[in-house]
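The values are calculated or read from the model by the stated rules, or taken from the named source; none is laboratory data. Every value quoted in this text rests on a predicted model; they were computed, and no experiment measured them. Cβ placement follows ideal geometry from the backbone for every residue including glycine, while neighbour counts extend to all protein chains displayed. Remember, those area values only see protein heavy atoms, side chains included, never the ligands or the DNA or RNA. Shrake-Rupley method; radii C 1.70, N 1.55, O 1.52, S 1.80 Å.
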Amino acid sequence: MNLKRLVNRQVVNNLSRFNGRVRTRRDFSTITASIHSSNSSCGGVALYNFSNSTPILSFNRYMHTIGETKLIGSSFNPKHNANDIEEDETMNEFLSRFVWIMRGKLTEVYKDCDKQTINNMLLVIVGKVVSEMEKGGLDQMLDVAVATLSQEFSRDLWKTVFEVSNAVLADMEKEKKKEKMKGFLQCEEVQELCRFAAEIGIRGDMMREFRFKWAREKMEESDFYEGLKRLREEVKAQEKAEEEGKNAVAMGEEAATMGEEKPKVVTLPQRHGKINYKIYGLDLSNPKWAEVADRIHESEKLDWPEEPKPISGKCKIVAEKILALKEEDDPSPLLAEWAELQKPSRIDWLTLLDKLKEQNTCLYPKVEELLLSEKSFQANIRDYSKIIDAHAKQNRIEDAERIVEKMNENGIQPDALTTNILVHMYSKAGSLDRAREALESLRRLGFRPDREIYNSMIMVYVNAGQPKLAESLTREMEARDIKPTMEIYMTLLRSFSQHGDVGGAGRIATTMQFAGFQPNLESCTLLIETFGQVGDPDQARNNFDYLMRLGHKPDDRCTAGMIAAYEKKNMLDKALKLLLELEKDGFEPGLATDSVLVDWLGKLQLVDEVEQLLGRIAGQGEAPPLKIQVSLCDMYARAGFEKKALQALGVVEAKKEQLGLHDFERVVGGLTAGGFVQEARRVHGLMEAQGFASENLKISLTASQAFSRKRPSK
């Protein structure tokens, strides 16, 4: 229907004013009384009382037909401009929604009436409402205290009309806001932010929340500037009105003449038949569209973010108390009181958590964990994973495992993201078994480990002393076209070197070259140390020469590794020759090289040469390391220097926590060989207290007591 023939611009404005006033002055409840209507001989329609189903025939005199109604304004023009068409569309949607809701309310009350009767009731109600709107009596029609309206319809019927109109306008405003929001969701700035968020790994519900947040901020910014523009236009209009007022003083007579002119009126054509309730060619009177509307409403809840409830009164006071709590306080009672007052939904809890995170970061984790058990919070797997990640970053493994157990108790299985966090946490803590279980769970979920997962697992294998298993993971990475980094290769090479695994170190060095990583000073030094540990000075020297051919100058550590390799075979002449060659090239032995020489010469009982080296170390301003003290204790004890031996022993005992099994064996063996049996037994007790055991030392100590060797002295 052409709603331009029913209402004009004044009607729309009056209806908008009604909506604003009713929201502030009235709080309509649902229909609890009765809806009345009239009954005519031709229509046979009777409106019933809700509590009493007998027809009320005293209202027959109010039955009427919609006659000619006049519009106040300009003459009728069939050619509509853009504003008129827009008004027609708005009023078309308003009346369609109004009739649809009123039909449902009438059908619910008059269950025994047929469809034709309901349609006649709607025709009477809509006709009267439109008639009141047309004749400019909207203010009187909206005031339920006016007696004239109560004579036409019952007081409760007018309340129902007001309630439905208010709901329809609210829905139309919400739809308008949704359409506006959709436009901002697709704007370039929001899309750019979403692309950036996707690049840094944000997905799923978090991406959706960020997208609506950015779009809402953009819409608020746009509304702000539109408001400024309207204020500017109002100021200009006011200034223009003042200027026109000054001109009107000089043209008073002409203005008076114009004011006396009566507005032209036109008549509306008489409406025949039922109102057509079609939108886009669909007959919305079919009941199936009610089910469609319900499904659409449910789906829109997912796309349209819910707004938090305003916090006021006592609820606001409780919220302020929660924000002011200390870390050791229990927030459970206040949270329960706030929930009872506010009746919060998830968005209300999230708003409270955001304020808590800004103002009280110490209490935030405790409250966030308590809300996992709150039914109204509707905790999902992302809430659990955030808390687990926070505990994992601070190495609180027990707290993270407690959250995982709570998640399993609530029937939520860890997903790939949560398991990924657990893998990193256990790897960082060095828990090999737990990290391996988490990795297997990740694979069962169908998730293929990425570079970060592989790096974490390789590090936990290396720290657990299993470099071969770590090497197998690098092979798996290469099979999946994931290139290990230089740091991973160096970590594996360092681990193989510490374990003296020549084969593993060689494989890693070869793999590095095939991967495009050229040997450097550190990798060559690790290979030299590895061959030195197994007593292969020839291979160590080959790597030493290869290092120099590459253009690297050997440093103190590299030279010490080469000297240690010669020490394994007692090639003192080659070691001295190497040192002389390096000194010609400007090399100066450092603490590492001197420590190896002191240890070697001490084993040879070259006391004078060792003391010369000690003098050079002292001249460099450096204290002898623990390894040198162990060598000195062994050398002086075997040589019979009691005072110096006991002095070195005192230094060693003071740092007993840093000693290994080899160091204890050397000290006890030297003391026993030198006749310091009592001191040897004391050091042996310290070794056992540290968790080390050696059958050879026990046999040696027992034999020394049996023969009771006399301690030599010098």
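Annotations for the structure displayed:
- Of all residues in the stretch 174-206, those satisfying the criterion of being exposed (fewer than 14 other Cβ atoms within 10 Å of the Cβ) and within 16 Å of the chain's Cα centre (by Cα) are Phe196, Ala198, Glu199, Ile200, Gly201, Arg203, Gly204, Asp205, Met206.
- Some residue of the stretch 540-554 being of a type outside the set (Gly, Ala, Ser), farther than 30 Å from Glu583 by Cα and in a helix (DSSP H, G or I): no
- Every pair of residues 6+ apart whose Cβ atoms lie under 7 Å, when the first sits in the stretch 487-514 and is touching a residue at least 40 places away in the same chain (Cβ under 8 Å) while the second is of a type in the set (D, E, K, R): none
- Which numbered condition Tyr566 fails, given (1) surrounded by 14 or more Cβ atoms within 10 Å (Cβ to Cβ); (2) in contact with a Lys or Arg (Cβ under 7 Å, 6 or more places away or on another chain); (3) not in a helix (DSSP H, G or I): (3)
- The requirement of being out of contact with any Leu (no Cβ under 9 Å at 6 or more places or on another chain) and either at pLDDT below 95 or open to solvent by 60 Å² or more (accessible area, probe 1.4 Å) (or both) is satisfied by Gly503.
- Unique residue being modelled with pLDDT under 85, open to solvent by 50 Å² or more (accessible area, probe 1.4 Å) and more than 24 Å from Trp600 (Cα to Cα) when the list is Lys714, Lys698: Lys698
- Residues that are of a type in the set (A, V, I, L, M) and open to solvent by 50 Å² or more (accessible area, probe 1.4 Å) were ranked within the stretch 592-627; the one that is modelled with the lowest pLDDT is Ala623.
- Condition met for Tyr364 (under 16 Å from the mean Cα position of the chain (by Cα), more than 13 Å from Cys315 (Cα to Cα) and touching a residue at least 24 places away in the same chain (Cβ under 8 Å)): no
- Every residue from the stretch 429-455 that is open to solvent by 20 Å² or more (accessible area, probe 1.4 Å), under 17 Å from Ser385 (Cβ atoms) and either in contact with a Lys or Arg (Cβ under 9 Å, 6 or more places away or on another chain) or among the hydrophobic types (A, V, I, L, M, F, W, C) (or both): Leu445, Phe447
- Number of the exception - Gly619 against (1) within 20 Å of Phe676 (Cα to Cα); (2) of a type in the set (Gly, Ala, Ser); (3) within 59 Å of the chain's Cα centre (by Cα): (1)
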